[in-house]
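Undergrad: Can you keep this structure in mind? I'll have questions shortly.
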Amino acid sequence: MQLDYVLACGQSFRWHKNASGEWHGVIGRKAFRLRQTNDHVEYQVFPGPSADMPAISEPAPKNRRQSKSAKETASMEFSKTPAVIDPHLSELHRYFALETSLMPLYEAWSAADERFAAVAPQFQGIRMLQQDFVETLFSFICSSNNNIQRIQQMVEKLCSNYGAAICSLDGRTFYSFPSVDRLAGKEVDGELRKLGFGYRAGFLQKSAEYITKHPEWLDQVVKADYATAKSLLMELPGVGAKVADCICLMSLGHHGVVPVDTHVFAITAEHYLPKLRDIKSVTPRVYNEIGEFYRARFGPMAGWAHSVLFTAHLARFKKKAESSAGRTHNKRKKMVTPESVGAEHVSATDCVN
C-alpha cells in the first residue's frame, strides 16, 4: 500500500501530511500517525497510553530496526495475517481493507487493459478505504461541485465545530466526526452558511434531519444490495448518482461501483469510448454505460481498478502517469511476445500490499 496515493486521492478528507512525511488523521474517535518505509508502515495511536488504553507493544519483525520504542510505535505489516492482539491494528486492517490482496488484482487488470498496464508500475498500492458510513455520507455531500482541497476544509470545519476534540499533533487539533443528531439541528443550516458551505449547508442539515426522523434508514442502507442502497441514498437532498456511488464504494463494500465524475468521464472519453468526446452532459444513460464498461473490463472489483486510473489522472500525479505510459510504450517496441509485455507491467516486487 502507498499512503501518498491512498490518503490523497479523494477517498477520505481527514488526513494531513506533515513536513516529515508522516500522515496524521482520524479513524472513528482515535487519531493516528502513520509513517511509511520501503516495506511497511509504522503507526501511533492518540491519545497516548492511559489506564483504559494500554501501550501498544506489537513487536517488530526480526532483523528490522524500529525508529521509536515499542511503547510509542508499532510496526504494521500489510499482509493478510489476522490482527488479533492489538485492537488498533485490527482497526487499521479494516480501514485499509487489508484482507484484499492487491498483487493478483493488479496482474489481472494489467492483462485485461492496456491503459491500466501503462500506469500501474508507477501507481502501485492503491486501495479502496472502508470508511465509516455516516462520515462518508456527509463528507461526500460536501463534494458537490467542489475540489479535494475545499472538501477537506469543509469536513475539517464540520468536525471542529460539531465534533469532539481528540488530541493535538504538530499544532493541529484533531476532532471526531459529528453525530447525525448534532448536524440535524435547525440552526446548523445558517451556521454552516456562515462557515462558507453555501447551498451544501441545507443539504447537510436536511439530510441529518431526515435520518433522525427515519431511524431505521441507516441500517436499511447498510444491509441493502447495491441498487437498493443507491436508491435509498438518493432520497437525501444533495445526493445524486455520483455521490451515492462514492458512498457505496468507499463505505458500504460495493467494490464494483464506479462513480463517474469529470475525471472518470475524461479518462473514458480519451482512452476507451471516443464517442463520448462529443457529448455535452452526462445523462443517466451515459453514466450507467460508463459504469457497465468498467465492470465488463475489470470485473467485480472494478471500483478498485478505476481508483488507480482516477489517481493517475489527478493533476498532482498526471506527469508521473504520462512518464510511466511513455516508458511502457517504448518498452513495448522492444518486446517480442504478448507474454513478455504482460510480465513487464507488474512484478511481484513492485506491489506493497
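Undergrad: Using a Förster distance of 35 angstrom, determine the FRET efficiency expected from the C-beta separation of Asp181 and Ser231, and round it to 0.05.
TA: Result of the calculation: an efficiency of 0.90.
Undergrad: Calculate, axis by axis, the spread of Cα positions in the stretch 155-304 along the three principal axes, and write the results as whole Å, longest axis first.
TA: Between the extreme Cα coordinates on each principal axis of the stretch 155-304 lie 48, 37, 29 Å.
Undergrad: For the stretch 198-259, what value does the Rg/Rh ratio take when both radii are computed over Cα atoms and Rh is the Kirkwood radius, given to two decimals?
TA: Ratio of gyration radius to Kirkwood radius: 0.97.
Undergrad: Now for a separate question. Which pairs in the list Lys242/Lys280; Lys242/Lys275; Lys30/Lys223 are over 19 Å apart, alpha-carbon to alpha-carbon?
TA: Lys242/Lys275; Lys30/Lys223
Undergrad: When only the heavy atoms of the protein chains count and the probe is 1.4 Å, how do Ile166, Ile141 rank by accessible area, highest first?
TA: These residues rank, largest area first, as Ile166, Ile141.
The values are calculated or read from the model by the stated rules, or taken from the named source; none is laboratory data. Values in this document were obtained by computation on a predicted structure and should not be read as measured data. Reconstructed Cβ throughout: ideal geometry from the backbone, glycine too, with neighbour counts over all protein chains shown. What goes into the accessible areas is simple: the full protein's heavy atoms, side chains included, and nothing from ligands, DNA or RNA. Shrake-Rupley method; radii C 1.70, N 1.55, O 1.52, S 1.80 Å.
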